[in-house]
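Undergrad: Attaching a single structure in C-alpha cells format; questions to follow.
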Amino acid sequence: MNTTLYALSGFAGWTLLLTFALVNMRMYHAFFSADKIALNKFAPDGADVQGFGQRLTRAHLNCIEMLPAFAALVIVAALSSQLAIMEATVMYVLYARIAQSVVHMISTSMVAVLIRATLWTVQLVLLITYAYQLIIPMFA
C-alpha cells in the first residue's frame, strides 16, 4: 500500500481511537462517576466534563475537523494518479495530528497551546500545498 494511504488510514485510525476513548469516558461519567451525566445530556464540546474529559473531547473534535479535508485530497490524488505529490511529506500530517492530540489531552497551558498551534499549522500548510499541487495542473 502507498505511504499516502497509510497516512490516511493512520489518521482515521487515530480518530477512531479517540472516539473509543471518548465513548468510554462518557460511559464512566454516565454510570460510575459521582457527578453522573445522563448519556443524552453530554455537551458536544465537552464543556460539562472538566479536565481531561474536556481536553479529550476537543482533541477528538479537532481530528474530525481536519480528517475530511485530508481524505478529500488523498482521494483526488489517488483518482488522478498523483499520489506521488504527497508521498515525501504525508506522514508528517499524521505525526503532527497525533502529537497535536496528545499535547491537547495533556495540557491547555500557554506553552501547550503554542505547540498545538504549531502542529496544526504544519498540517494546514501541508494540506494547502497538496491542494495547490493538485489543482494548478487542472488549469494549465
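What follows draws every value from the coordinates through simple rules; no lab data is involved. Note that this is a predicted model, so its numbers are computed, not measured. Note that each Cβ is placed from the backbone with ideal geometry, even for glycine, and that neighbours are counted across all protein chains shown.
Undergrad: Out of the residues in the range 91-136 that are of a type in the set (S, T, N, Q) and within 16 Å of the chain's Cα centre (by Cα), which is nearest to HIS60 (Cα to Cα)?
TA: SER101
Undergrad: Sort out which residues of the range 11-53 are of a type in the set (Phe, Trp, Tyr), in a loop (DSSP other than H, G, I, E, B) and touching a residue at least 12 places away in the same chain (Cβ under 8 Å), and write them in order of number.
TA: PHE42
Undergrad: Testing THR15 on (1) β-branched (Val, Ile, Thr); (2) within 11 Å of the chain's Cα centre (by Cα); (3) more than 23 Å from ILE115 (Cβ to Cβ), one condition comes back false. Which one is that?
TA: Only one criterion in (1) β-branched (Val, Ile, Thr); (2) within 11 Å of the chain's Cα centre (by Cα); (3) more than 23 Å from ILE115 (Cβ to Cβ) is unmet by THR15, namely (3).
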